[in-house]
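Comments concern the structure below.
Read the figures in this text as sums done on the coordinates, not as results from a lab. Remember, it's a predicted structure, so these values are computed and weren't measured experimentally. FYI the Cβ positions are ideal-geometry reconstructions off the backbone, even for glycines, and counts take in every protein chain you see.
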Amino acid sequence: MESLTFAPLYMERVWGERELERVYGRSLPTPDRPYGESWEIVDRENEQSVVDQGPLGGTTLHERWTHRREEIFGSRYEKHQRFPILINPFFPALRSGLRLLQRPSPQKQIPSNNTKFLGKADRISIFSR
């Protein structure tokens, strides 16, 4: 089986400016919009990675996950309804040095009035330029 590659999803963020384009050479979809994140792999209901080439081009990660999960990803993920990882390299407008971002556990983030909220798992990420 050949490798699957996906088109990134660029997420508009107020902190984004145009650094993904200027510093990293990415082709952003809309001129003059601030893109702060590039989601390289995602399988959420409203955000889907799409295979960008080859015989499976145009199909989504969720379609691959649903119909060819064991063949592509192995047999250890049968209990997961969706691909369980979001690959989101952080490309901030770092001018210098090192940045540290810590996200609290989902229990600390879920608003009591929002049952559809997707919490973020505990993680510490270190970014450098």
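Quick notes
- Taking other C-beta atoms within 10 Å as the exposure proxy, T60, T30 rank T30, T60 from fewest upward.
- Environment charge of N88, counting only residues whose C-beta is closer than 10 Å and scoring Lys/Arg +1, Asp/Glu -1: -2
- When only Cα pairs below 8 angstrom with a gap of at least 6 residues are kept, the range 2-88 shows a relative contact order of 29 percent.
- Remark: F6, F73 ranked as F73, F6, counting other beta-carbon atoms within 10 Å and listing the fewest first.
- The gain in end-to-end length when the E2 to Y24 segment is fully stretched comes to 5.2 nm, 0.36 nm per residue minus the alpha carbon separation.
- Count Lys and Arg as plus one, Asp and Glu as minus one, and take only other residues whose Cβ is under 13 Å from that of I41; the net charge is then -2.
- Among Y24, Y10, Y77, a tally of other beta-carbon atoms within 10 Å of each Cβ gives an order, fewest to most, of Y24, Y77, Y10.
- Counted charge near T5, where neighbours are those whose Cβ lies closer than 11 Å (Asp, Glu -1; Lys, Arg +1): -3
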